[in-house]
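Below is one structure; the comments refer to it alone.
The values are calculated or read from the model by the stated rules, or taken from the named source; none is laboratory data. Owing to the predicted nature of the structure, the values given are computational and were not obtained by experimental measurement. Here the Cβ is made from the backbone with ideal geometry for all residues, glycine too, and neighbour counts use every protein chain on show.
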Amino acid sequence: MAKYDINYSCGHSARIDLYGPERDRQRKIAWFESDGHCSDCYRDKKRTEEKAVGPTFYARGTAAGVVEIICYKNSYDIKDQLKERGYLFYDEVPAPGSLATALFAERYRVPGWMLTLAAGPDRHARIAAEANWIYGHKWKLSAQSTLGATFANMIEQRSDLVGSDQL
Ligand SMILES: [Zn+2]
């Protein structure tokens, strides 16, 4: 191990530890200086990339027959719209994950907005309205597989719904 002064491509520099064969160290240094970012700039870059994806939604059905439509990423810019549409903010909402990953449930609970649609005669229309709104903005919507069929059915009946490849 040795200390190296690195001039990152973002213009910042830092003294870092490098390990391993000299050849690999030199290759890392070359990469840091041509493409690497300091840790602050790297974090900012990641945040910008994440934001560029835009609001991201997830729909799921619960055992009680309730459909939940959840905005779990980049909700801040549309929080007023979400509130107006009846979404409520929670410190923890479920994010998509498989049954296996659900064992680590705390990793799949993030702050976000959730619309809860109980079973009822207008539920399909309300789900369709949400799907239409989300797809209309070209935001991402994914659905649990059991819900996929429900969304697909609605889309067949509503030619104004687009983006069914997401389901
Ligand atoms: Zn930097």
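Among the residues of the stretch 1-51, those identified as touching a strand residue (DSSP E or B) at 6+ places or on another chain (Cβ under 8 Å) and of a type in the set (Lys, Arg) are Lys3, Arg15, Arg25, Lys28. In the stretch 68-81, the condition of being within 16 Å of the ligand (Cβ to nearest atom), surrounded by 12 or more Cβ atoms within 10 Å (Cβ to Cβ) and free of Cβ contacts under 8 Å to residues at least 60 places away in the same chain is met by no residue.
When the stretch 5-21 is examined, which residues are found to be assigned to a strand (DSSP E or B) and either within 16 Å of the ligand (Cβ to nearest atom) or not assigned by TED's automatic domain parsing to the domain that holds Arg43 (or both)?
Scanning the stretch 5-21 gives Asp5, Ile6, Asn7, Ser13, Ala14, Arg15, Ile16.
Checked against (1) of a type outside the set (D, E, K, R); (2) within 24 Å of Asp122 (Cα to Cα); (3) outside any strand (DSSP E or B), Ile78 passes all but a single condition, namely (2). In the stretch 24-41, the residues that are closer than 15 Å to Ala14 by Cβ reach residues that are within 11 Å of the ligand (Cβ to nearest atom) and charged (D, E, K, R) with C-beta atoms within less than 7 angstrom, at least six apart or across chains, in these pairs: His37/Lys45.
Just to check your reading of the model, which residue among Ala100, Ala63, Ala105 is within 30 Å of Glu130 (Cβ to Cβ), at pLDDT below 95 and surrounded by 11 or more Cβ atoms within 10 Å (Cβ to Cβ)? Walk me through it before giving the result.
On the way: Ala100 fails: surrounded by 11 or more Cβ atoms within 10 Å (Cβ to Cβ); Ala63 fails: surrounded by 11 or more Cβ atoms within 10 Å (Cβ to Cβ).
Of the residues listed, the single one that is within 30 Å of Glu130 (Cβ to Cβ), at pLDDT below 95 and surrounded by 11 or more Cβ atoms within 10 Å (Cβ to Cβ) is Ala105.
Of all the listed residues (Asp40, Asp24), the sole one being within 16 Å of the ligand (Cβ to nearest atom), farther than 19 Å from Trp113 by Cα and in a helix (DSSP H, G or I) is Asp40.
If only residues of the stretch 45-60 that are over 19 Å from Leu117 (Cβ atoms) and touching a His at 6+ places or on another chain (Cβ under 8 Å) are counted, the one that is surrounded by the most Cβ atoms within 10 Å (Cβ to Cβ) is Gly54.
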